[in-house]
1. At R0 = 25 Å, how high is the FRET efficiency between E75 and E284 if r is their beta carbon distance? Nearest 0.05 is fine.
2. Which distance in Å, rounded to a whole number, links the C-alpha centroids of the stretch 252-325 and the stretch 69-105?
3. Take every Cα-Cα distance within the stretch 233-325, group them into 5 Å bins from 0 onward, and report for each bin the whole-number percent of pairs it holds.
4. At what distance in nm do the modelled label points of Q293 and I110 sit from each other, each positioned 7 Å from its Cα along Cα→Cβ?
5. Around D87, which amide H atoms from residues at least 5 apart in sequence, or from another chain, sit under 5 Å from its own amide H, with H modelled in the peptide plane?
6. Return the whole-Å distance between the Cα centroid of the stretch 153-189 and the Cα centroid of the stretch 25-54.
7. Angle, helix 201-211 long axis vs. longest principal axis of the chain, Cα atoms, 0 to 90°, nearest 10?
8. When the helix-only estimate is applied to the chain (DSSP H runs of n ≥ 4, each -39,500 (n - 2.57), divided by the residue count), what is the mean residue ellipticity at 222 nm, nearest 500 deg cm²/dmol?
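Only the coordinates and a few stated rules stand behind these numbers; no lab work does. Nothing here was measured: the structure is a model prediction, and the numbers come from that model. Backbone-built Cβ (ideal geometry, glycine too); neighbour counts: all protein chains shown.
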Amino acid sequence: MGKWRSAGICGGLLAAVLTTGSAVAADIEGSGDHPQVPRLAGSYIVFQDQSDFDRLTVPTGAWTGDAFEAVERLEGEVLRLSYNFQDPSVTTLRVKRSYVQALEERGFEILFTGSEEALSGGAGRTFFQESGLFERGARDCCRVANRDRQVRYIAARSGNGDVLAGIAVFNARRVDGPAVSKAIVTAQAMDDTMDHQPLTAGEMETGLMEDGRVAVQNILFQVNSAEILPESAEALATIAELMQDQSSMELLVVGHTDNTGDFDYNVSLSLQRAQSVVNWLESEHGIHGDRLQAAGAGMMAPVTTNRTEEGRAQNRRVELVERGG
């Protein structure tokens, strides 16, 4: 990655250096990009917030004074991110155009784009505030500048309609150079994860006896992270109960991902997530590490199609595989 470079890029567009999966120095701990909405090279994450399920309303038209001309709504997993840049000389116009080009190359439809007074009064500041998309990021790191705001905005939707994004580029207070704030929703039915009833220790044992493996769908992680979410505690406690009841049992803990994103990245992420489970069982439940081994299968062993969000949700899982002594 490194600093922003424009050499050899015709027309001043730098969409070619938009990337996913590659961390930039100074990203906040535990953060990561959305797998389908890339970052710009030379930028680093200064804020992240994630919700497993919410409704996101994304403006697709200007603010008229009492409402937006048009909006799009989508329910699902919501990710909010804010970025600053290592090179303060980067212009907001260049950043915006690079995002538009990169999104179009990834099959996104640009629903709306506008800048400054074309968005609202206050050189776009009112639009930024009334959208409600960027409040958390703005409060923590990236407030619109009092002067020379240069607020620019993009609304985009993926080709299959599963991802809806609002992206703001602007000059920020107390920040050298521009900032980018994103609000992205990935479609998901509210009961996708709720359909997976927690397994009992007995059901896990039966699955291992009959099939040699069992999928545990209720172990959840932060987006693009190996950090285990608190609601996973019950499923992890059940695994510990099983291993305490079966004192000679040894397990492979295998992480699985969907097919979104780079192959090597998904293999690495799945291994990191499996290792997080092993670490949790050791530290929280006293299961000896010799009885557990982490492995990562990435996208290589789906249980269903990756062409729908429902299928991808099922493919993101942790499996237990009985290991010989």
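1. 0.15
2. 31 Å
3. Over the stretch 233-325, the share of Cα pairs per 5 Å bin runs 3, 15, 23, 22, 16, 12, 7, 2, 0 percent.
4. 5.2 nm
5. Counting only residues 5 or more places away or on other chains, the set is W4.
6. The stretch 153-189 and the stretch 25-54 have Cα centres spaced 11 Å from each other.
7. For 201-211 against the chain, the angle is about 80 degrees.
8. -7500 deg cm²/dmol
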